[in-house]
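Q: Supplied in structure tokens, the structure appears directly below.
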Amino acid sequence: MLKRVSSDSGPLSLQKHNHLCVKLGVSIFLVGLAVRLLFWDSFSFSPVVETPPPLEDQKAESPVFSSPDLPASDSDDFPENNQNQTQISKNEKCDLFVGDWVPDVSGPEYTNESCRVIEPHQNCMKNGRPDSGYLYWRWSPQDCELPRFNPHKFLKLMRNKSMSFIGDSISRNQVQSLLCILSKVEPAVEIYHDKEYRSKIWKFRSHNFTLSVIWTPFLVKAAIFEDMNGVTSSEIQLYLDTLDKWTSQYKNFDYVVIGGGKWFLKTAIYHENSTVTGCHYCPGKNLTELGFDYAYRKVLQQVFNFFTNSNHKATVLFRTTTPDHFENGEWFSGGYCNRTVPFKEGQIHMIDVDSIMRGIELEEFEKATSLGSQRVNLKLLDTTLLSLLRPDGHPGPYRKFQPFAEDKNAKVQNDCLHWCLPGPIDSWNDIIMQMILTA
């Protein structure tokens with residue numbers, strides 16, 4: 001049986017019911033207002049940040065050469081790079097050349113496949129070098145952070161300017177590294193080369209930037225009787241008081257990277273004032289043994305005097321000597337370099353000839369800068385000690401294509417002086433960019 005429930009449906013009951021509803025509504029409103037006032041300070045001024053959607057026309061960067069007709073872009077500055085560059089430029093006490101090689105999982109800025117200007121002798125990966133660990137290290141100064149090379153920013157800085165690398169084959173090695181890095185933005189067009197392809201000129205047309213390398217291993221006039229493989233048919237004739245032809249082109253350059261050194265260890269006859277004055281390592285010639293250090297100092301004095309007395313305004317980076325890493329012999333006597341990781345500071349020391357050369361370089365550079373110059377901005381690119389720590393970065397036997405393809409025990413000539421590309425020499429260009437930014 002269903003029990004009927006009585007209902008208060010009369011007018012008084014309805015009025016009472018409405019009155020209760022109003023009270024309830026007011027109570028809810030007051031409670032809500034109190035809560036809002038309590039938490040207003042926490043939420044009312046919190047900004048809403050929305051992540052912008054990706055650009056529809058944004059494309060992934062290609063590992064190969066950019067299109068030749070790529071328009072010049074000035075929107076090239078990455079915030080993190082700008083921050084690092086500002087930080088390092090304000091740190092006046094930072095020595096870019098004191099530090100250590102640290103692991104770098106990101107690897108090189110280019111590969112032997114994406115860059116087409118690597119000379120065969122430095123194309124280690126293509127030539128069959130089996131290990132790749134040497135690619136994953138970066139130079140890290142002790143007291144500051146060295147930003148990665150920014151090719152966009154560099155080309156922007158070099159717009160309507162000219163830069164030249166002057167010196168021996170190490171200079172050519174470095175300019176190839178620079179070309180490879182810059183090719184991510186714009187490929188260079190070669191507009192000149194000499195008969196032996198040792199001196200070259202390139203143009204970055206969309207930036208009107210001219211880059212060149214001038215092969216002059218002694219920096220002074222020299223008669224060299226040596227083929228491309230280093231085989232000598234006669235003694236070098238070296239004119240210590242006559243700078244080479246690069247001086248006539250200096251007026252065209254805004255930036256110069258100049259260096260040498262190793263060629264002075266070769267047998268040479270020295271000329272001064274149109275007279276033979278002595279030699280270096282010339283037994284049986286009945287000439288005074290003056291030594292390579294005598295000649296090197298004379299030449300550097302000539303070079304620095306030229307820069308400091310020139311009326312041309314330019315920034316000149318003088319690169320110090322490059323140590324080699326031959327072990328158990330020299331390049332002509334079975335020396336090799338088969339290490340696969342960098343040295344730590346204190347694990348290796350410079351050999352005597354490198355110490356002598358660097359000592360001369362530092363002394364003569366100090367003399368030149370102490371004189372002062374209103375025109376030239378002379379800076380020291382001291383790559384010697386940081387390069388000393390990288391025995392793993394040379395081509396070694398892989399200066400030739402697949403040297404052990406036919407015989408795993410073949411005796412082949414090693415190159416323990418030049419650098420694989422990509423390789424440690426890429427960090428030299430990181431340093432050069434920072435030096436230019438703070439010049």
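The values are calculated or read from the model by the stated rules, or taken from the named source; none is laboratory data. This is a predicted model, so every value here is computed, not measured. Here the Cβ is made from the backbone with ideal geometry for all residues, glycine too, and neighbour counts use every protein chain on show. The area values use the complete protein model at the heavy-atom level, side chains included, leaving out ligands, DNA and RNA. Shrake-Rupley method; radii C 1.70, N 1.55, O 1.52, S 1.80 Å.
Q: Provide the per-residue ³J(HN,Hα) series for the stretch 342-349, in order, calculated from phi with Karplus coefficients 6.51, -1.76, 1.60 and θ = phi - 60°, each as a whole number of Hz, with x at glycine and proline positions.
A: Karplus-based 3J(HN,Hα) across the stretch 342-349 equals x, 7, 9, 4, x, 7, 8, 10 Hz.
Q: Still on this model: Just how much of Y336 is accessible, in Å², when a 1.4 Å probe is used and the result is rounded to the nearest 10?
A: Counting only protein heavy atoms, the figure is 80 Å².
Q: Evaluate the distance, in nm, between pseudo-label points positioned 7 Å from the Cα of H193 and of D143 along their respective Cα→Cβ axes.
A: For the pair H193/D143, the computed spacing is 4.4 nm.
Q: From the residues S162, H193, V256, which one has its Cα farthest along the dipole of the stretch 137-271 in the positive direction, the dipole being from +1 and -1 charges on Cβ of Lys/Arg and Asp/Glu about the Cα centre?
A: S162
Q: Please list 3J(HN,Hα) in residue order for the stretch 167-179, calculated via the Karplus relation 6.51 cos²θ - 1.76 cosθ + 1.60 where θ = phi - 60°; whole Hz, with x for glycine and proline.
A: Values, residue by residue: x, 9, 5, 5, 4, 5, 4, 6, 5, 5, 4, 4, 4 Hz.
Q: Defining a contact as two alpha carbons under 8 Å apart and six or more residues distant in sequence, what relative contact order in percent does the stretch 245-332 show?
A: 37 percent
Q: Just the accessible area per residue of the stretch 298-343, please: how many Å² with a 1.4 Å probe?
A: The answer is 45 Å² per residue.
Q: Right, next: Sort F225, F306, F97 by accessible area with a 1.4 Å probe, largest first.
A: F225, F306, F97
Q: Right, something else. Please report Rg (one decimal) and Dmax (integer) in Å for the Cα set of the stretch 261-389.
A: Rg and Dmax of the stretch 261-389, Cα atoms, are 17.4, 49 Å.
Q: A follow-up question, please. For G99, enumerate residues with amide H under 5 Å from its amide H, sequence gap 5+ or separate chain, H modeled in the peptide plane.
A: Residues meeting the criterion, in which the H sits 1.01 Å from N, are Q142.
Q: Using DSSP to define loop residues, name the GluC sites (Glu not before Pro) in the stretch 107-147 whose beta-carbon has at most 14 other beta-carbon atoms within 10 Å.
A: E113, E145
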